Structure formats: structure tokens, C-alpha cells
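**Student:** I am attaching a structure below and will ask some questions about it afterwards.
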């Protein structure tokens, strides 16, 4: 019995003794307090502007131990400590100050940085992430702009918020919309040059009947409509917000605007009137422009990528497009959604089993309609070509002549080659023309007097290029 007790004692003591000897011999459990060999992925970080009373996206910083020795960072902290608008997360812990942070030889540490903004500030908001040992310190400088914003959102349980008096948006602050902001009947909303209007996922801007929306951008100060998410990657994702709706008999005047990442960027209702100049519409989730028996006059309009149609015109109407570049390179057909066309036009509407045909006036000149679909244009006409249609001096893709007959008398001086746009991707679209583009110098010189400048503000050549550039 006594011998058995000794055996048990040896059984339990031996592992403990072995562990003690093992730890006593190993050197890699010793962490030297030292920051000498720390390197950072960035030493000066400028975050995207963040709106007051909102949080920024999270920014990632890598800290590298370039030495062959395991180290311990005695202190990592924000210089403004708990007074800072910045927040950091170190090794899975959130806070303002961290002590004795280990870092293996040739290893790295990830720090997550964000801003929880309060009041807006006129100047860049600055702080430092400080790495401190007994002898020295190293710093990462962090800066951001905390921009002033005005928020528009309906009362709880309501879908709409109405502007009931004439209103002006200016560039002195961001305008952030959640839900449906409606310009009430008979009211005008004026948006000045350089203004940014941002939207949550359910956000849209609408005009009621007989209301007016005037968008007055300038070449170097466009009016921008986009998601409230400030990271550039979100501008490449369609359907980040709902779009702009122009109600029946309402009026839209738009000059130098950019509409990015909407679902239906512009939805123009029956009998509404829209004048659109020098405007870019990118990455729409459904249609860039949808109109129902409306009136649109557009010049220097650029559309790039929409999941269904660049422009959808239905139920007739009165439309004129001059010097426009419409590209839709999205391959939506591979998702079973059919061809996504640069432009679809019909003169009828089917509703509740009843089909109505309405007059259509369509004039297209000096423009480009091109994409991944077999044709750049589809005319779906119940009233035949007796409609007032004239399409001339343009480049229109025509890989399927059976569905688009360019020999019809409504077409004149049409070319069909690839226009060779500079870039049609989602990230950095540029529908300017390459030096070997067949659309260079193919426009009608007589039309220059009505649109003397390109979308870039440059004088048009004679003869002009097709499209907006």
C-alpha cells in the first residue's frame, strides 16, 4: 500500500517537474520590452471624411516586429486617451490604452482604427497612436475630416418626409436621406454646385406632382448623389440606394450631376419634363433612366453599366438625346435576365390586360449606344415607324440586324463598330474615346452650335466626336 502511494506521487510530480525544467530552458518565452524594430504599414493615415454623429468604416493597420527577438510593447495608446474621437482595437481588445502587448519575432500585430464622430470640425481632426517603451516612443499620425451633415428621415412608422417649402441644399454640409424625401406639390428644391446628397439603403429623393427639382452643378463642382458609405468600393456596387423619382407633371433640370450606385437612378413619371446636361450615371441596379410617356431632352449624358437597361423609355413620349455616351457592358444575360440593353424604347403600355399605344417622338444624334447585348438599341413599336423617329450620326451596335434594321429610313449615317471606350469597368469608368476609336470625328458639324462644349468643358472639334467627349 505504501509503495502504491509513492508511485502515485511520482506519477503526479514528474509532469510538473518536467514542465518546470522545460520552461526554464526555453528562451522563446522571454519577451524583451522594446519598440526599436517596430515598423508600420503606414505612418500617416488620412481616413475618408466621416459625418458628424456617425461612425466611420474600420481601418486596418499592421505593426511588424522586424527583429529576430520576441518583444513586448510596454504601452500602446491614443495620445488623447479617452478624449479622442478615434477608437482602436488591439489584439482583439477595444479601448484607448493597452499595456504589455507581446509580439513574436518576425510577426505582425493588427490594429483596427475607427472614428466615432460627434460635432463637425472646420479643420482635420488629428490624433496619434503612440508606441512607448522606457527609452523612446514611435507614433502613427491619424487624421480625418469630421464633416457637417443634415439628416432627413421620416417619423417612426412613416415612409415619407415632405419638404413643404422652397428649399436649397448647398455644399456647406452633406445632406443625408433615409426613407423617401418628397418635394411637395408645387414646391421647388434647388441643389447648388458641389453639394453631396447621400442615401441610406432605403433612401430616395422624390418630387410630387407639379414640383420642381433643380440641380445646378458646375464642371469642377458637380452635384453628387451616392450611398452614405464613404468607402470608394461601395460606389462600384449597384443598388446601394433607391434613386431619384420625378413625379407626374413635375420638372427636373439637371446640369453637372453624378448619380452613383442607385437602384433606378432616374425614374421619370408620365407627363414629367426633364432636361439633363453634363450628367454621369454609373452602376445602376435596374435602369439608369426609366421614363413613362415623359419628355426628356438630354445632352452630354454619360451612362455606364445598369443591370437591365441603360435607358428604358416606355409608353411613348417625347425624347431627344444629343452627344450622349451610353454603355452597358454588364453580362446580365448569364444570370437568366435577358440582354441588358443600352436603350430600349416602346410606344405602348400593357396594364391589367389592356394595352394602350401612345405617340412617340424620338430623336438621337451624335451619340453612342454600345454594350454586351447584340444590339445597342431595341425599338418595340406597336404604332410602327409612323412615329416621329429620327436617329442619325451615331454609333449603334448591330450584331443582330434581324431585330434592328439600320436600313430603315429612320436611320441615317450610322456606324456599328466597337467605339473603343477608355474604360467601362465599375471601378474607374471613363467613356472617353481611345486614339483609334472609329467614333472620332464622325459627328455632324452642324450640331455643334447647339452643344459647343464636351462634358469635360472642352470646345467640340469640327466635325465633332460621337458621344459626350
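**Student:** What span do the alpha-carbon atoms of the range 260-384 cover on each of the three principal axes, reported in whole Å from largest to smallest?
**Tutor:** Principal-axis extents of the Cα atoms in the range 260-384, largest first: 34, 33, 24 Å.
**Student:** Please rank 343, 329, fewest neighbouring Cβ atoms within 10 Å first, as an exposure proxy.
**Tutor:** 329, 343
**Student:** At a 10 angstrom cut-off on C-beta neighbours, averaged per residue, how do the peptides 443-449, 388-394 rank from highest to lowest?
**Tutor:** Ranked from most to least packed, the peptides come out as 388-394, 443-449.
**Student:** Taking 8 Å as the Cα distance limit and 6 or more residues as the minimum spacing, I'd like the relative contact order of the range 329-444 as a percentage.
**Tutor:** Relative contact order here is 21 percent.
**Student:** Of the DSSP beta bridges with both residues in the range 309-390, give the percent that are antiparallel, rounding to the nearest 5.
**Tutor:** 15 percent
**Student:** How would 156, 188 line up from fewest to most surrounding beta-carbon atoms within 10 angstrom?
**Tutor:** Listed from fewest to most nearby Cβ atoms, that is 156, 188.
**Student:** Now for a different question. How many angstrom lie between the C-alpha centres of the range 71-89 and the range 221-238?
**Tutor:** 31 Å
**Student:** Also, quick follow-up: Rg and Dmax of the range 146-238, using alpha carbons, in Å: what are they?
**Tutor:** Calculated on Cα positions, Rg and Dmax stand at 13.3, 40 Å.
**Student:** Now, a different point. For the residues 281, 76, what sequence is obtained by ranking on other C-beta atoms within 10 Å, fewest first?
**Tutor:** By the 10 Å Cβ count, ascending: 76, 281.
**Student:** Could I ask something else about it? Can you tell me the convex hull volume per residue for the range 26-143, based on C-alpha atoms, in Å³ to the nearest whole number?
**Tutor:** About 98 Å³ per residue, rounded to a whole number.
**Student:** Same structure again: Can you give the relative contact order of the range 32-146 as a percent, counting alpha carbon pairs under 8 Å and 6+ residues apart?
**Tutor:** Contact order relative to length: 37 percent.
**Student:** When the distances between all Cα atoms of the chain are binned every 20 Å from zero, what whole-number percent does each bin get?
**Tutor:** Percent of Cα pairs in each bin: 21, 40, 23, 11, 4, 1.
**Student:** Over the chain, what is the relative contact order in whole percent, taking alpha-carbon pairs under 8 Å and six or more residues apart?
**Tutor:** Once normalised by length, the contact order is 7 percent.
**Student:** Just the number, please: percent antiparallel of the DSSP beta bridges in the chain, rounded to the nearest 5.
**Tutor:** 30 percent
**Student:** Also, quick follow-up: Nearest 10 degrees, 0 to 90: what angle lies between the long axis of helix 2-25 and the longest principal axis of the chain (Cα atoms)?
**Tutor:** It is inclined by approximately 60 degrees.
**Student:** Hey, what number do you get for the chain at 222 nm if only DSSP H runs of n ≥ 4 count, each worth -39500 (n - 2.57), divided across all residues, to the nearest 500?
**Tutor:** Taken over the chain, the calculation gives -2000 deg cm²/dmol.
**Student:** Please report Rg (one decimal) and Dmax (integer) in Å for the Cα set of the range 109-191.
**Tutor:** For the range 109-191, the Cα radius of gyration and maximum Cα-Cα distance read 20.6, 70 Å.
**Student:** Over what distance in Å are the Cα centres of the range 394-469 and the range 254-328 separated?
**Tutor:** 17 Å
Rule-based calculations on the coordinates, nothing more; no lab input. If you're wondering where the values come from, they're calculated on a predicted model, not measured in any experiment. No Cβ is skipped: glycine too gets one built from the backbone with ideal geometry, and neighbour counts run over all protein chains shown.
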